[in-house]
Structure formats: C-alpha cells, structure tokens
Amino acid sequence: MQLTTKIVIIDDHQLFREGVKRILDFEKSFTVVAEGDDGSDAVTIAEQYQPDVIIMDINMPTINGVEATRQLIEKFPDSKVIILSIHDDENYVSHALKTGASGYLLKEMDADALIEAVKVVADGGSYLHPKVTHNLVNEYRRLALEESGTAGVYKQRVEIRRPLHLLTRRECEVLQLLADGKSNRGIGEAIFISEKTVKNHVSNILQKMNVNDRTQAVVVAIKNGWVEVR
C-alpha cells in the first residue's frame, strides 16, 4: 500500500498557492493537509498537522521563509522544507540551505520539477532547481580558481577524466548534463532518451557515487575532474 505524503503550503500569494496545490493534487500519493499565508504560521501548522514536507515562499510580509525555516528546524529538527523563490543568486540559496531547508525551487519551475522535488525531499534527499545547481557550481569553480591562483590558465590545463571505472559512458554523459544544470527533461531532449530513462540513470549515478542527491554528485564530479564546467 502506497503511503501518502502530507504537504503544507505557505505562501502569501493566494493564486500562486492555489496553483501549487492544484499541481500537487494530481499526484495520488500527495495530500495537501494545510495552507498558510505567512511564515509566522509555520510552526503552529507544523505542530498541528505534522506534515512530511513544507513548501515555503521565501518572501513573506511578517516572517520570511528562511527565518520561518530556522524556527521550524529549531523546534522540529526533522522538518523537511522546500523553499520557493524568484531569486537564483547563490547567496540566497546558501543561506536557505544553511538554515536547514532541504530543497530550493525557483517559481519558474514546471509541474514535473515540483512533484519530483517533493518526492526527493520526502524520501530524505535534497533537491535544487537545475538553474540554481548550475549557479552554485559556477560559484564553486570561481572560488576554487581564486584559491589556486590559476584562473587565467585553468581551462588550458584541466584534463577531464571521465569516471569510466565507476560509470557507464551513458551515465558519464548524464553526469555532464547534470553539471550543465539540465533538468531530467532537458537531459532527455539533449541525448534523445525518455525522461523515465534519465531518472533511472540519475538513480544509478547517485548509488554508484555513494551520494544522496544530484548536487552532491555534481560537486564530487567537479572535485575529481570528471566533468567540464562550461
């Protein structure tokens, strides 16, 4: 018997909140158990409904999503929060993740990304919008180059060593496209395979690399020189 994932949505824009709820209602294993319109509602709602996942807007009038997440994690350490935002700047993302959020989605997301994010986070993983992942990767690379003092010559010196000892050639392709910030759909379109096949490849990559989520896989791949950051 499939268990139901209980979800709370907290966003001060009612039309957007209703749109998110409508998308989630299409998934039979999801149940939206409560809604709120400000971060000040988060702790009370979580205490009353004990949701599996809380989807939280970052910009709200009284208490913003990041502060609300901090309060939630402080009182309920196992809370799983996905932040919704219009900001793709790595500072916003890093702050949200350091506060305890398990996911970060841009409001330009499509329905598939929202559903996938909830499933991943409910299962104990982390999920970042592909565009956000790409920006974080670029920032990681910039900082690494500054530390090494080789920003001017790095591209000429770097040698990409595909992890063929660990992954198949197709999985290496998928890993590179993950580093490029592609979504599952974007990966499928790039290499002409179905989205379901992409999901299988990503699952195999995470298992073989012994990481929990896509972002960790990309960071490990960059550190080992397994992908090209472009």
**Request:** List the residues whose amide H sits under 5 Å from the amide H of Thr5, counting only those 5 or more places along or on another chain, with H placed 1.01 Å from N in the peptide plane.
**Result:** Phe30, Thr31
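Of Lys75/Lys199; Lys28/Lys223; Lys107/Lys208; Lys75/Lys196; Lys75/Lys208; Lys98/Lys208, which ones are farther than 30 Å apart at the Cα? Before the final figure, lay out the partial values.
Numbers: Lys75/Lys199 34 Å; Lys28/Lys223 39 Å; Lys107/Lys208 32 Å; Lys75/Lys196 38 Å; Lys75/Lys208 35 Å; Lys98/Lys208 27 Å.
The answer is Lys75/Lys199; Lys28/Lys223; Lys107/Lys208; Lys75/Lys196; Lys75/Lys208.
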**Asked** When only DSSP loop residues count, what trypsin sites (Lys or Arg not before Pro) in the stretch 1-66 have their Cβ near at most 16 other Cβ atoms within 10 Å?
**Response** Lys28
**Complete:** Mean accessible area per residue over the chain (1.4 angstrom probe, all protein chains present, square angstrom) is 53 Å²
**Request:** Report, in cubic angstrom per residue, the convex hull volume of the C-alpha atoms of the stretch 5-131.
**Result:** 88 Å³
**Asked** Which of these values of semi-axes √(5λ) of the Cα gyration tensor in Å was calculated from the structure shown: [x] 27, 21, 17; [y] 38, 19, 16; [z] 33, 21, 15?
**Response** [z]
**Message:** So if I place +1 on the C-beta of Lys and Arg and -1 on the C-beta of Asp and Glu, and nothing else carries charge, what would the dipole magnitude of the chain be about its Cα centre? I want it in debye, nearest 20.
**Reply:** 1200 debye
**Asked** Could you give the distance between the Cα centres of the stretch 163-202 and the stretch 46-120, to the whole Å?
**Response** 27 Å
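Which whole-number percent is the relative contact order of the chain (Cα, under 8 Å, 6+ apart)? Each step should come with its number before you reach the end.
Details: 343 pairs, mean separation 32.0, N = 230.
Computed value for the chain: 14 percent relative contact order.
Taking the highest mean first, how do the peptides 54-62, 84-92 order by number of other beta carbon atoms within 10 angstrom per residue?
Values: 54-62: 21.2, 84-92: 15.9.
Taking the mean over residues of other Cβ atoms within 10 Å, the ranking is 54-62, 84-92.
What is the ratio of the Cα radius of gyration of the stretch 169-224 to 2.2 N^0.38 Å, where N is its residue count, to two decimals?
Working: Rg = 10.2 Å, N = 56, 2.2 N^0.38 = 10.2 Å.
Compactness ratio reported: 1.00.
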**Prompt:** For the chain, which whole-number percentage of the solvent-accessible area (1.4 Å probe, protein heavy atoms only) is attributable to carbon and sulfur atoms?
**Reply:** 48 percent
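Using helices alone, what [θ] at 222 nm do you get for the chain, with -39,500 (n - 2.57) per DSSP H run of 4 or more residues, divided over all residues and rounded to the nearest 500? Spell out each step's value before the answer.
Values: 11 runs with 120 residues, N = 230.
After summing the helix terms and dividing by residue count, I get -16000 deg cm²/dmol.
The values are calculated or read from the model by the stated rules, or taken from the named source; none is laboratory data. Since this is a predicted model, take the numbers as computed values, not measurements. Positions of Cβ are generated from backbone atoms using ideal geometry, with glycine treated the same way; all protein chains shown enter the neighbour counts. Each accessible area value is taken on the protein alone, full model and side chains, heavy atoms only, with ligands, DNA and RNA left out. Shrake-Rupley method; radii C 1.70, N 1.55, O 1.52, S 1.80 Å.
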